[in-house]
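The values are calculated or read from the model by the stated rules, or taken from the named source; none is laboratory data. All values reported here derive from a predicted model rather than from experimental measurement. Cβ atoms come from the backbone with ideal geometry, glycine included; neighbour counts cover every protein chain shown.
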Amino acid sequence: MPFIGKAQSKSVTIDWGDSSPTASSVGVNKSSVSAKEKAIASLKLQLNKERVIYQTKWEDANIADKNSLRITNVRYGSVSSAELNKINTELVPNNLEYSIGSTRSRDKLFTILKISPIVKTSGGYQKVISFNVDYRYSPQACPDFTPEIINSVLATGQWFKFKVEKTGIHKIDKSFLSSLGMNTDGINPRNIKVYGFGGKSLPLLNSENKFFDLPENAIQVVGEEDGSFDGGDYILFYGSNTEGYVEENDSNLNPYSNESYYYITADGAP
């Protein structure tokens, strides 16, 4: 049993993504890994009109004392206009806000950290690049830290559902969107968003589900520069099917579904 009062330290770097992705490398293994990492990163860094939050977790030896958290050595960077256009600036605090807590998952203890990734300054806005986390363990016996409940992203706007049969990089073009029933004439390609968990089964216990809504997936829209979605334009994203080993089920197949679905929309702001 680790000493309760001992200080714990961790360095965190926020992945803000590749600001200049290229389509030429798509199809090689390196790109597949990169796209998968971007998809995972999108679960941690959520920038949209509903949420501006960064959340990460790590396996730990004891419960974190919520009152002991200190954030130090914060390194800031400039916020791009594209990043700023994604968010509701009213959700951005004037000072750095953060919290820490603990949760159990599959008989393992995890520490969860939430922090505001963008802050207002006298000169505009700055984004958090990296920081150090310092905290102590607590004698608390039962961790209690759950995500806030918000309205589903599917509650507003026009959404289209499509199936993914293979895990990997997927290409969505104008013809495919039309087959789903989307009218692509006049849409702003910068507004296109893809949401979904993929095909793997969720944890059996509701208490172990850390997200109450569909997460937004990382995408690359090729040809968005002219503000219209034309015949030669397309979307790239990493999607997963129902195959893949899940320890809790001791199976490579999802026991509850044979199909994996994602949702796409062109409504709302970028």
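Quick check: is even one residue across the range 84-91 of a type in the set (Ser, Thr, Tyr) and part of a loop (DSSP other than H, G, I, E, B)?
No, the range 84-91 has no match at all.
For beta carbons closer than 7 Å, sequence separation of 6+ or different chains, a first residue in the range 54-77 that is closer than 18 Å to LYS127 by Cβ and a second that is of a type in the set (Asp, Glu) and at pLDDT 90 or above, the qualifying pairs are THR72/ASP134.
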